Amino acid sequence: LGRKLYENEFINVKADNQSMIARKINGKISKVKLKDHVEDFIGIKPRNREQSFALNLLCDKNIPLVSLTGIAGSGKTFLTLMSGMDGLNRGLYKRIVITRNIQPVGRDIGFLPGDVNDKMLPWIAPIIDNFRIGTGDEDLSYFDVMRRSGKLEIAPLAFIRGRTFSDTFLIIDESQNCSIHELKTVITRVGENSKIVLLGDTDQIDTPYIDSLSNGLTIVAEKFKNESMAGHIQLHKGERSGLSYLATKIL
């Protein structure tokens, strides 16, 4: 590589005709098994090596902070949501909390009626789509049961201050639209036995006063790259469809 490995960075070690996947864990290069715990519960398999790396970090209880970046359709939201569901099923967490910075793309749609859950629906539609695909819950009855029981919560980023998230799998979607101040506010809310996952595409920033270098997601990934409690994976390949991947490349 020509440089030292970052903490929780993966490498493919080859010797003669043999190879293995290793990860830097607490300063040492250790062989890792890319076992997909999610497959046991939800029936999904990683489609490429980077997705395997991401699942390894997402399912590792010893890494409370994971950041995933990648192009549209690379599987960031799907892998994270299914990993959270797996952790919930195995009793690692008591709830999944999903939040994001409400930054509209293009023209604002104006006032939305209803309570906070109704107002958040347009912004959590990608989560709902991934939930439906991953669980087969076409009518979202299971989704609604989880929300009513408190196992799944949608929390606007603006309402995070002052809260503490213990025993929680916390997902911050579209975190490239957050400032470092906003992400610091959320990360410092994380309590014991919790995991926080930052998702985003630094090439799709909708907030006017930040860019690909000054956004919170980029800064957090950079600041935590040598910390054993954090891991970062960039997903390069789109897996949504051939058309989606081609459009990302040529448009």
In whole percent, how big is the carbon plus sulfur part of the accessible area of the chain, probe 1.4 Å, protein atoms only?
51
From the backbone phi of region 174-191, what are the Karplus-calculated ³J(HN,Hα) couplings (6.51 cos²θ - 1.76 cosθ + 1.60, θ = phi - 60°) in whole Hz, Gly and Pro given as x?
6, 6, 5, 8, 9, 7, 5, 5, 5, 5, 4, 4, 6, 4, 6, 8, 6, x
Note to self: with every protein chain in place and a 1.4 Å probe, the chain gives an accessible area per residue in Å² of 53
Once the Cβ-Cβ distance between Phe159 and Lys237 is put in as r, and R0 is 35 Å, what FRET efficiency do you end up with, to the nearest 0.05?
0.50
Residues with amide H under 5 Å from that of Val190, placed H, sequence gap 5 or more
Phe165
Estimated dipole of the chain in Debye, rounded to 20 [Cβ of Lys and Arg +1, of Asp and Glu -1, Cα centre]:
860
Using only the Cα atoms of region 199-240, build the gyration tensor, take square roots of its eigenvalues as a ≥ b ≥ c, and label the shape rounded, prolate or oblate: rounded if a/c is under 1.5, else prolate if a/b is larger than b/c, else oblate.
oblate
Sorted by accessible surface (1.4 Å probe, heavy atoms of the protein chains only), largest first, Tyr6, Tyr209 come out as Tyr209, Tyr6
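The values are calculated or read from the model by the stated rules, or taken from the named source; none is laboratory data. The structure displayed is predicted, hence computed values, not measured ones. Quick reminder, even Gly has a Cβ in these numbers, built from the backbone with ideal geometry, and neighbours come from all protein chains shown. Surface accessibility is based on the protein's heavy atoms, side chains included, excluding ligands, DNA and RNA. Shrake-Rupley method; radii C 1.70, N 1.55, O 1.52, S 1.80 Å.
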